[in-house]
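Written out below as structure tokens is the structure these notes cover.
The values are calculated or read from the model by the stated rules, or taken from the named source; none is laboratory data. This is a predicted model, so every value here is computed, not measured. Glycine gets a Cβ as well: all are built from the backbone with ideal geometry, and neighbour counts include every protein chain shown.
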Amino acid sequence: MTTGASTPTTYPARPRRSRLRTFLPLGVAAWLVLEIWLLSVIAGATSGFVVFLLLVAGFVLGGAVMKKAGRRAFRNLNEAMQRGGTPQGGGGNGLLMLGGLLLMIPGLISDAVGLLLLIPPVQRAVSRFTERTVDRKLREAVPGGFGDAFRQARIHRPDGKIVQGEVVRDDERPGDAPREPRPPLTR
């Protein structure tokens, strides 16, 4: 059924992909291959048991770091709520949690990056860089809400046809009494 409106036969030009979306999968694949290669080199030089101990130690240390950072963040939030305000600054809790998460991920490169994020001068440098980058991106952003962004993304998709309508179930009539809910399916 058609509404009489003509549909365009040509699609608008597809927006250019960002560099991040283009190279992120390649970077993740290269990182995984490098992690596996480094683990196999270490296992060949020492033994598989040493690699296992390194991975377990990283996981335990990462869990401890994340627990400490989470407790500190909760304590800061609780103190701020008692004062009747909002927490002032993150205090590096986010970067501590990221460092702990990287320590928990199996691999020696992620462990090294996670350990670097536990050093306070590195945390301050990464925090300043992140703040500057986010501020710059927010200044460059065009005004509009998330709804506008989703609507624009849907409009620019070549196969994203939108059909206005309403769903009417055949088994329910407007005058019928509502049925009881069906029991959940089980085996």
### Query
Across region 45-62, what is the total count of residues that are surrounded by 12 or more Cβ atoms within 10 Å (Cβ to Cβ) and among the polar types (S, T, N, Q)?
1
### Summary
Exception for L96 within (1) surrounded by fewer than 14 Cβ atoms within 10 Å (Cβ to Cβ); (2) at pLDDT below 90; (3) hydrophobic (A, V, I, L, M, F, W, C) falls at (1)
### Query
Looking at region 116-123, is at least one residue in a loop (DSSP other than H, G, I, E, B) and in contact (Cβ under 8 Å) with a residue 12 or more places away in the chain?
yes
### Task
Restrict the check to region 39-47 and report whether at least one residue is touching a residue at least 40 places away in the same chain (Cβ under 8 Å), of a type outside the set (D, E) and in a helix (DSSP H, G or I).
yes
### Query
Filter region 73-93 for residues that are buried (at least 16 other Cβ atoms within 10 Å of the Cβ) and in a helix (DSSP H, G or I); which is modelled with the lowest pLDDT?
N93
